[in-house]
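Chemist: Right, I'll just put the structure down here and ask away after.
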Amino acid sequence: MKQNLYEKGAVVQRDGETYAIKVHMPGGFTTPEALRTVADVAERHGIPSVKITNAQRIALIGIPEEKIDAVRSDLGDLEDGATGLCIRYVKMCPGATWCKRGQQVTYDIGMEMDKKYHRLQVPWKFKMAVSGCVNDCTEVCIRDLGLIGTSKGWNLMIGGNGGSRPRFAARLLENIATEGEALAAVEKAVAWIKSLERKCRIGKVVEEMGIDAIREEIFGT
């Protein structure tokens, strides 16, 4: 039963009895209407905790099993956050649109990546991010794949992760000139990763193969 609930996006909590449902907010961006819906659902069902997560989603925490379907129904069109062996999210900073330190605009490219890759099935859990400058506020350095903006374009990074064996991402390509070229590079990298069918974080593959060999396999350079 709990596995079926997990497949619906309900994650069992430490007490083994209550659940969390994560509302997907692409890149942490949302609307007043969506926030009102979340607040109304939390009040209506007496949900004890509402948390902004590290993945820039909103988690409704402490939901009894018997209320899961009603909560999900009342959230309406708000998409639940991905769980399981898939691309969980694309984390984004404000970028050059708003941040004075931003070198590149993150919103358009990040939203396009979220639209294309959120929930995409991959061999192992997978996290993505986009940062508008080398300060890297969205921590591309510990994501499986991501883009960092520079004054000359985008750097494509691969193989980072946190966890018990943290790794820093390696630079796969640097100074990609345009947004379109960056998106095309991401697409090639994701397709290659998906084809591996390795049951591990991609950082382990980077360690085993080396970044030069991976670059050759993906881009032929």
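Chemist: Restricting the first residue to the stretch 196-221 and requiring it to be under 25 Å from GLN121 (Cβ atoms), which pairs with a second residue that is of a type in the set (Asp, Glu) and part of a loop (DSSP other than H, G, I, E, B) meet a Cβ separation below 8 Å and a spacing of at least six or different chains?
Modeler: ARG201/ASP144; ILE202/ASP144; GLY203/ASP144
Chemist: Could you pull out the residue among VAL23, VAL50, VAL11, VAL38 that is surrounded by 14 or more Cβ atoms within 10 Å (Cβ to Cβ), free of Cβ contacts under 8 Å to residues at least 24 places away in the same chain and within 22 Å of the chain's Cα centre (by Cα)?
Modeler: Testing whether each residue is surrounded by 14 or more Cβ atoms within 10 Å (Cβ to Cβ), free of Cβ contacts under 8 Å to residues at least 24 places away in the same chain and within 22 Å of the chain's Cα centre (by Cα) leaves just VAL50.
Chemist: Residue under question is ALA70, and the condition is that it be of a type in the set (A, V, I, L, M, F, W, C), in contact with a Ser or Thr (Cβ under 6 Å, 6 or more places away or on another chain), over 21 Å from GLU181 (Cβ atoms) and outside any loop (DSSP other than H, G, I, E, B); does it hold?
Modeler: no
Chemist: Would you point out the residue of the stretch 93-109, among those that are in contact (Cβ under 8 Å) with a residue 60 or more places away in the chain and out of contact with any Gly (no Cβ under 8 Å at 6 or more places or on another chain), that is most open to solvent (accessible area, probe 1.4 Å)?
Modeler: ASP108
Chemist: Filter the stretch 1-54 down to the residues that are more than 15 Å from ARG72 (Cα to Cα), of a type in the set (Val, Ile, Thr) and part of a loop (DSSP other than H, G, I, E, B) and list them by number.
Modeler: Hits for the stretch 1-54 are THR30, THR31, THR53.
Chemist: Of ARG119, ARG198, which residue is surrounded by 16 or more Cβ atoms within 10 Å (Cβ to Cβ) and basic (Lys, Arg)? Give the steps one after another, and end with the answer.
Modeler: Numbers: ARG198 fails: surrounded by 16 or more Cβ atoms within 10 Å (Cβ to Cβ).
Exactly one residue qualifies, and that residue is ARG119.
Chemist: Being touching a Pro at 6+ places or on another chain (Cβ under 8 Å), of a type in the set (Val, Ile, Thr) and farther than 20 Å from GLY159 by Cβ narrows it down to one of THR31, THR106, so name that one.
Modeler: From the options THR31, THR106, the qualifying one is THR106.
Chemist: Got a sec? Which strands (runs of 3 or more DSSP E) wholly within the stretch 105-170 have at least 3 residues that are closer than 12 Å to GLY203 by Cβ and modelled with pLDDT under 95?
Modeler: Details: elements: 126-131, 145-150, 153-158.
Those strands (runs of 3 or more DSSP E) do not exist here; none qualify.
The values are calculated or read from the model by the stated rules, or taken from the named source; none is laboratory data. As the structure is a computational prediction, the values presented were derived from the model and not from experiment. Note that each Cβ is placed from the backbone with ideal geometry, even for glycine, and that neighbours are counted across all protein chains shown. Accessible surface areas use protein heavy atoms only, side chains included; no ligands, DNA or RNA. Shrake-Rupley method; radii C 1.70, N 1.55, O 1.52, S 1.80 Å.
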